[in-house]
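The values are calculated or read from the model by the stated rules, or taken from the named source; none is laboratory data. Every value quoted in this text rests on a predicted model; they were computed, and no experiment measured them. Virtual Cβ from ideal backbone geometry, glycine too; neighbours counted across all protein chains shown.
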Ligand SMILES: NC(=O)c1ccc[n+]([C@@H]2O[C@H](COP(=O)([O-])OP(=O)(O)OC[C@H]3O[C@@H](n4cnc5c(N)ncnc54)[C@H](O)[C@@H]3O)[C@@H](O)[C@H]2O)c1
């Protein structure tokens, strides 16, 4: 509680430190320095305990006549507060408990506002969710320009909304349009952007943060008052405080009807709360917000997203396994679609990279691509100009590998040909790649074990399978070959985490996890096309299921040539179940490969019918079977249920170790709807027995490929 440095009992202080609660000291000038955690805390979250500790401190501060002002800050450099403890969110299962938790949290935060003395927040590092809501109850917010500073209300990403006053305070502070943009999209701002948006009042270099915050506090103390409420001006005023507000609301509603937004109820509830900030008295606005939080926190969507959050945390921990090393210097061989993207990612995250190709043209394209990417991020304010320059400086390109003496990561992304890859790996060893360096392949279908088999130290060969485009796709499959050692797997996982990706470790079998599950899904879509269901109907059914893109459009994006190659690999491995649909080869023969050739099933615009429709029509005519349109139910059963079966097969064959890998891998790798919490969560909710029965019926009436595995049957019986 509140103490001077001298009168605080050492035992109490030690106990608080041990529990990582809020700590407060008052100096000789009457300035209370309130820290949201102890110095050794890397991540500060608002647990129940910390909230109660904060409550007790604020009550004491209110009654302490010595106190002239309060400085609120994080436990140390680079950390303010990352928001509510997600475990707390997960534990709440009743609307009334969620509402009560919101009321309690907000009333604690309101004590800051009720203090008679000014309060200034000094923000550095994550200031997210409840952390920002706390800062919004302060009179002034000063932020540091530290690279770790991130400010926002990302609650919608967990299927909830800011419930500790955030929708009300942020809306009134920055106006309705900006608040809606930030809250409904869960946007995070860096310090400079937060200043521009009016979320913070001042931005200073990291080293000056506490001094600047103190200056602000002294100003308020000298003026003898707390900060006056900021008035909205111009468009922000008109679109918030007048009937023109309807325009901002309509624009937000329209955005919420598009794409996958319709599956997420929290942004809609948050929208109403933000409007309440201008149409309801303050206490009623707060009360409505707490009620909305209670309603959202119990939804299956929130529970699914929270489940996924924990899976991402688990995946990040893979980067901390024993033996994991930090890599510094990379040589990427192959500067095409994948190599260029991977090299850019490595350079961005601080590795010195040399990108090599046999051709100059891809290298020039790779440089240009990185420049474009950085330009976009500069424009959005996600990057400072000096950071962009440093990233570009870290990426060198050339046709010659140069010296390998200090390379600790050698990664190939050349053509999908085993002998080429084997030859290049042998060359790397022969040219003096250090014995400790990792040899990685980005192969999407070849055997890592086979690549390593002829090398003197096969333990350091690993698959690091990025998805296309590597700049955007969050999953990395780390493929453990037969001989790959644990330290190499751990180091590859650490690299993936450093790049901001989520690693899933898989065994070295055809298609690994993601392409293995994707194969029957895309194959079935092609079969449905040839039976007579339109591409539009197939794709719409999957969009309505919650997939980000329909399977027909996806094949167009991937390319029929790639799909045909992958299906051949899958057929060789699983000849009973994965016979490729004849459409793949026919589209390749007709050169209607998809987006890369100006159209496949769809035209270049991805919407209008493409040249591939004629190929479909021809094949249908040749088969001579009358066309039939599958119902929505049939489409889900034939496209999604085999995906469930295939995922469990992967688990039972040891391709991944845990159901949680299936959930994370397929959400991040193929866009399985995140709001379900992942494929196994979906399957259990749908009923494993229902899925098994439907697959049995399809196998009986249509084709043996639908026959579910014993693993699925066993689980269905046990559910
Ligand atoms: N494209 C995808 O969607 C995707 C996704 C994941 C993994 N992959 C895998 O990544 C690898 C590369 O695929 P891509 O799509 O980037 O191919 P790409 O054809 O775009 O690029 C391959 C590059 O390798 C270069 N190259 C060929 N032989 C070389 C050699 N001996 N030395 C140096 N450079 C050489 C080529 O000039 C070309 O620029 C493949 O193994 C592929 O299976 C591709």
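Scan the range 322-343 residue by residue and report those that are touching a strand residue (DSSP E or B) at 6+ places or on another chain (Cβ under 9 Å) and away from the ligand (no atom under 13 Å from the Cβ).
Within the range 322-343, 325, 327, 328, 329, 330 qualify.
In the range 365-388, is there at least one residue being within 11 Å of the ligand (Cβ to nearest atom) and either part of a helix (DSSP H, G or I) or not assigned by TED's automatic domain parsing to the domain that holds residue 499 (or both)?
Yes, some residue in the range 365-388 is within 11 Å of the ligand (Cβ to nearest atom) and either part of a helix (DSSP H, G or I) or not assigned by TED's automatic domain parsing to the domain that holds residue 499 (or both).
Count, please, the residues in the range 404-429 that happen to be within 11 Å of the ligand (Cβ to nearest atom), modelled with pLDDT of 95 or more and in a loop (DSSP other than H, G, I, E, B).
Number of matching residues: 2.
So, of the residues in the range 163-193 that are crowded, with 24+ Cβ neighbours inside 10 Å and assigned to a loop (DSSP other than H, G, I, E, B), which turns out to be farthest from the chain's Cα centre (by Cα)?
Here the residue is 175.
Residue-wise test of (1) over 21 Å from residue 47 (Cα atoms); (2) at pLDDT 95 or above.
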position	(1), (2)
95	no, yes
98	no, yes
102	no, yes
107	no, yes
126	no, yes
131	no, yes
137	no, yes
141	yes, yes
147	yes, no
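Looking at 612, 603, 665, which is the one that is modelled with pLDDT of 95 or more, touching a strand residue (DSSP E or B) at 6+ places or on another chain (Cβ under 8 Å) and closer than 17 Å to residue 531 by Cβ?
612
Identify, please: which residue in the range 365-387 is free of Cβ contacts under 8 Å to residues at least 24 places away in the same chain and buried (at least 19 other Cβ atoms within 10 Å of the Cβ) and is, among those, farthest from residue 412 (Cα to Cα)?
It comes out as 383.
Just name the residue that is surrounded by the most Cβ atoms within 10 Å (Cβ to Cβ) out of those in the range 346-364 that are assigned to a loop (DSSP other than H, G, I, E, B) and within 15 Å of the ligand (Cβ to nearest atom).
357
Would you confirm whether any residue within the range 577-595 is buried (at least 20 other Cβ atoms within 10 Å of the Cβ), at positive phi and in contact (Cβ under 8 Å) with a residue 24 or more places away in the chain?
Within the range 577-595 (the criterion being buried (at least 20 other Cβ atoms within 10 Å of the Cβ), at positive phi and in contact (Cβ under 8 Å) with a residue 24 or more places away in the chain), the answer is yes, since at least one residue qualifies.
Would you mind stating whether residue 654 is at pLDDT below 95 and part of a loop (DSSP other than H, G, I, E, B)?
It is false that residue 654 is at pLDDT below 95 and part of a loop (DSSP other than H, G, I, E, B).
Considering only residues that are within 12 Å of the ligand (Cβ to nearest atom) and farther than 14 Å from residue 511 by Cβ, which ones fall in the range 552-593?
554, 557, 559, 561
Would you check if there is a residue in the range 439-462 being away from the ligand (no atom under 11 Å from the Cβ), within 28 Å of the chain's Cα centre (by Cα) and surrounded by fewer than 23 Cβ atoms within 10 Å (Cβ to Cβ)?
No; the residues of the range 439-462 include none that is away from the ligand (no atom under 11 Å from the Cβ), within 28 Å of the chain's Cα centre (by Cα) and surrounded by fewer than 23 Cβ atoms within 10 Å (Cβ to Cβ).
Looking only at the range 430-460, which residues are assigned to a loop (DSSP other than H, G, I, E, B) and touching a strand residue (DSSP E or B) at 6+ places or on another chain (Cβ under 7 Å)?
Passing the criteria: 433, 437, 442, 443, 444, 455.
Of the residues 162, 177, 154, which single one is touching a strand residue (DSSP E or B) at 6+ places or on another chain (Cβ under 9 Å) and assigned by TED's automatic domain parsing to the domain that holds residue 109?
154
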